[in-house]
Structures are given as C-alpha cells and as structure tokens.
C-alpha cells in the first residue's frame, strides 16, 4: 500500500503548490490527472525524494519515504518530465551506468539485466546507437527501462507522452500497461486525459494543489449519464446556451457552432441530442468549475 497523508508545500514565492494532499493507492496503474500548474510535478518530486514538503507523510509498505530517503530510493523507479540523457553515450552504456548507481555491481548481472530491459522496451536493435540521435519516443522508452532497474515497488512517470506522435504514444501506452503489476504501484502523472482513460484503473484529479476527485474512470463517466448533449446551432445562440449549461467544446464550421455541453437538469434545447459521456467530459466539467 502506498499512502500520502496531508502533504503540504508552499514555495518561497508564496505559491501554495500542495494544500493537504491525501491519497491511498493500491498496486496497479494509478492516474494523477490535472492541468498544467495543478501541483502534479511538485507532488511527484516529493514522492521521488527530490523535494522536501513543508509537512505531511509519504509511506510505501510501512517505509517513510521522506524520513528514509536512502531506503526509499531503493524502492523507487522514476521517469521525470525532463529526462536528461548523455548524448554521446549509447543506450547500453546509459543503462549500465544507472544499474551501477542502483547497486548492480556484477558485470555479468548488469549485462543480463540490460539485455532484458532493452528487449522489454523494444530497443535491442538500438543498443549501440548514441542517445543524441534518439527520437522522443525512444528516449521515453529508455527512461522506462532505467526506471525498472531494481524491480521497484513504486514507479513514477511524470508527463511521459507529452510531445510524442500518435504512434509513439500508442507504443508507450502498451509499454506502461505491461509495466503495471499486482505488486508494484505505478503512478502516471499527466494532463492528457486519454492517457488515464486508456491505462488506469483508478485516478485522482488535482487542481490548484487540492484533490477534486478520487474514483475510477468508469465511476467518473457514470456520473454524467444522460447529462451530455450535442448540437449544431447558429452562432447567435451560443451565448444563451453558455449561460444555461457547461459548454465542453465549441467548434465553428460554415457559420454554425458544433457544441458539446453538460446539462444535468434538462435538455438544453430542441436542437440537442443525447451523447455518450467520456472521461474528457467529466474532467473538463470538474476543472472548469469556479475556483
């Protein structure tokens, strides 16, 4: 069991990044979803022992990750938002370096480990390629490989698919889903709703350093049954509709507005038809509420 208890952090500038975060997370893939500036990276850096909180606790299987940083790092795999690589090293040299840092001292043991990791992330054919020539997706897959060294009990991936093209994002999704297990907690921190929808059995939504929702993606979507509507209406009707219900998306085409809205009390007007809710509807409705 991984637990965060009343975690708070205020930066010297006065920005209150975390306002008493509490979470309990069981093994498997967990999504931490929120807009940029919500506090996700601050939270992940504290969990990864890279930043001190003002107060609160972080525990993994009874170990205090804040007080016992050395022990915490032996339990942890971390892929930060900005994963720095030495451009002149090859993939196998980079993994060999990280394996040494994580205490894998035997040369034969490291070689077997590196072979297995490169095979797992589909980089075996690029093992001797210099990292300066890696694509964004290849860099992220190598990042996951280094995070898996030492069979960590807690794996943190922070905004892992930002900037990836659709093919690489799909490949990375497959890799992350294979990484999750019955014994390890994998925390996926992202602002991309589809990442959480595709991968995570449980999720939390964070905004302005506070947890707004803790549920499963299915529970979130079920809350909007018979509340999502779509229509194409004249431009002049849009302002009136916005005053009555939450507009999730508005696209102009040939002088008409294509609207997707949330109206929990009634059908917005006769032009609208019922639509099947998706996780994006729940997320945008929640984070767009008045602060």
Pick from the range 1-44, criterion under 26 Å from residue 180 (Cα atoms) and touching a helix residue (DSSP H, G or I) at 6+ places or on another chain (Cβ under 7 Å), ranking: surrounded by the most Cβ atoms within 10 Å (Cβ to Cβ): 33
Some residue of the range 222-233 being at negative phi and part of a helix (DSSP H, G or I): yes
Subset of the range 91-114 (residues that are out of contact with any helix residue (DSSP H, G or I) (no Cβ under 7 Å at 6 or more places or on another chain) and within 19 Å of residue 133 (Cβ to Cβ)): 93, 97
Filter result (buried (at least 22 other Cβ atoms within 10 Å of the Cβ) and assigned to a helix (DSSP H, G or I)) within the range 182-198: 195, 196
Test result for residue 179, at negative phi, in the same structural domain as residue 148 (by TED's automatic domain parsing), surrounded by 18 or more Cβ atoms within 10 Å (Cβ to Cβ) and at pLDDT below 85: yes
Yes/no for residue 12 being part of a loop (DSSP other than H, G, I, E, B) and in contact (Cβ under 8 Å) with a residue 12 or more places away in the chain: no
The range 53-88, subset closer than 16 Å to residue 141 by Cβ and in contact with a strand residue (DSSP E or B) (Cβ under 7 Å, 6 or more places away or on another chain), residue surrounded by the fewest Cβ atoms within 10 Å (Cβ to Cβ): 81
Index of the failed condition, residue 145 passing every other in (1) surrounded by fewer than 23 Cβ atoms within 10 Å (Cβ to Cβ); (2) in a helix (DSSP H, G or I): (1)
Residues satisfying the stated conditions in the range 228-280, i.e. in contact with a helix residue (DSSP H, G or I) (Cβ under 6 Å, 6 or more places away or on another chain), touching a residue at least 40 places away in the same chain (Cβ under 8 Å) and over 27 Å from residue 213 (Cβ atoms): none
Options 3, 48: the member that is at pLDDT below 95 and either over 29 Å from residue 141 (Cα atoms) or in contact with a strand residue (DSSP E or B) (Cβ under 6 Å, 6 or more places away or on another chain) (or both): 48
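The values are calculated or read from the model by the stated rules, or taken from the named source; none is laboratory data. Source: prediction; values computed, not measured. Counting neighbours? That spans all protein chains shown, and the Cβs are built from the backbone with ideal geometry, glycine included.
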